[in-house]
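Everything on this sheet refers to the single structure shown next.
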Amino acid sequence: MDSNFDALVEALAREARTSGLESRIMTERELAERLGNSRATVRENLGSLEVLGMVRRTQGAGTFFTKPDASFVRLLFDLMSKFGHVDHASVERAREMMEIAVVQEAADRADHDDVAVLRGHIDAMVRATAADDAEAGHEADYAFHKKLFTIADNPVIELFVDGISLTLRDVLAEKRAQALRIEAAALPEGSDRPRRTDTIHTPIVDAIEAHDRSAAAAAMVEHFTLWRQITEHTGTPAEG
């Protein structure tokens, strides 16, 4: 950041902490006079803050403080993925490390309704797999893991996860489809047994319901271990 941008940020940060979200900030002319910059410089730097989601500019109404969502982080990770700076393996590993920590927080915080929602997502996965509805199964799987982050209620982690959501969805969809194909091939023809790709989530919820942090972390590790065993052909996932 250049010195003019830094000065603008410092001036607005003090005001934001006292006036709060959605409050109107000074005009470009007032900011230019206070900072000793041209209005063009102020306008350009306000544009950068708008791209970052820190302010919202409305024609004829002014500029307002706002809370950024994950759109900028999402765009950044999407571009980094497309340009080859982040690969799917890195995204998947980052997700694993976060979820092992997040599920422990969920075990502390979850209430009866949260547990019911999580079990509902598992039921939806099983139904979707039985109906050969890959899209519905993927959405239920994604919703299950997203719910864990919601229960943990850490805005920093949620922002990061929302930021990698586009890449993460692609990774999960690809791996889930691969795992279900391999499991189906290992089962007797016509078997209607629920797939472990789906039911492996149940011990996670059991541990959360019991508010057992250690068991929740262990169940999540087992979930990822099974995932790798299935997709890397290193185990016998159809058993159990």
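Key figures for this structure:
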{"quantity": "Helices (runs of 4 or more DSSP H) enclosed by segment 156-240 - at least 3 residues per element that are assigned by TED's automatic domain parsing to the domain that holds residue 77 and over 19 Å from residue 134 (Cβ atoms)", "calculated": "202-209, 213-231"}
{"quantity": "Residue match in segment 37-58 (condition: farther than 21 Å from residue 4 by Cα and either out of contact with any Gly (no Cβ under 8 Å at 6 or more places or on another chain) or at pLDDT 90 or above (or both))", "calculated": "yes"}
{"quantity": "Residue in segment 95-113 that is in contact with an Asp or Glu (Cβ under 8 Å, 6 or more places away or on another chain), part of a helix (DSSP H, G or I) and surrounded by fewer than 17 Cβ atoms within 10 Å (Cβ to Cβ) present", "calculated": "yes"}
{"quantity": "Residue among 39, 74 that alone is over 22 Å from residue 160 (Cα atoms) and among the basic types (Lys, Arg)", "calculated": "39"}
{"quantity": "Single match in 96, 139, 105, 92 (criterion: under 16 Å from the mean Cα position of the chain (by Cα), more than 30 Å from residue 190 (Cβ to Cβ) and free of Cβ contacts under 8 Å to residues at least 60 places away in the same chain)", "calculated": "105"}
{"quantity": "Pick from segment 1-36, criterion among the hydrophobic types (A, V, I, L, M, F, W, C) and assigned to a loop (DSSP other than H, G, I, E, B), ranking: modelled with the lowest pLDDT", "calculated": "1"}
{"quantity": "Verdict on residue 10 being outside the structural domain of residue 91 (by TED's automatic domain parsing), more than 23 Å from residue 157 (Cβ to Cβ), out of contact with any Pro (no Cβ under 8 Å at 6 or more places or on another chain) and surrounded by 13 or more Cβ atoms within 10 Å (Cβ to Cβ)", "calculated": "no"}
{"quantity": "Conditions (1) buried (at least 16 other Cβ atoms within 10 Å of the Cβ); (2) hydrophobic (A, V, I, L, M, F, W, C); (3) modelled with pLDDT of 95 or more; number of the one not met by residue 221", "calculated": "(1)"}
{"quantity": "Residue list for segment 50-91, filter: in contact with a helix residue (DSSP H, G or I) (Cβ under 6 Å, 6 or more places away or on another chain) and on the phi > 0 side of the Ramachandran plot", "calculated": "53"}
{"quantity": "Checklist (1) over 20 Å from the mean Cα position of the chain (by Cα); (2) assigned to a helix (DSSP H, G or I) applied to residue 75, failing item", "calculated": "(1)"}
{"quantity": "Condition broken by residue 16, with the remaining ones in (1) loosely packed, with under 13 Cβ neighbours inside 10 Å; (2) closer than 29 Å to residue 156 by Cα; (3) not β-branched (Val, Ile, Thr) satisfied", "calculated": "(1)"}
{"quantity": "Single unsatisfied condition, residue 89 versus (1) assigned to a helix (DSSP H, G or I); (2) surrounded by fewer than 15 Cβ atoms within 10 Å (Cβ to Cβ); (3) at pLDDT 85 or above", "calculated": "(3)"}
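The values are calculated or read from the model by the stated rules, or taken from the named source; none is laboratory data. Everything numeric in this text was worked out from a predicted model, so none of it was measured. No Cβ is skipped: glycine too gets one built from the backbone with ideal geometry, and neighbour counts run over all protein chains shown.
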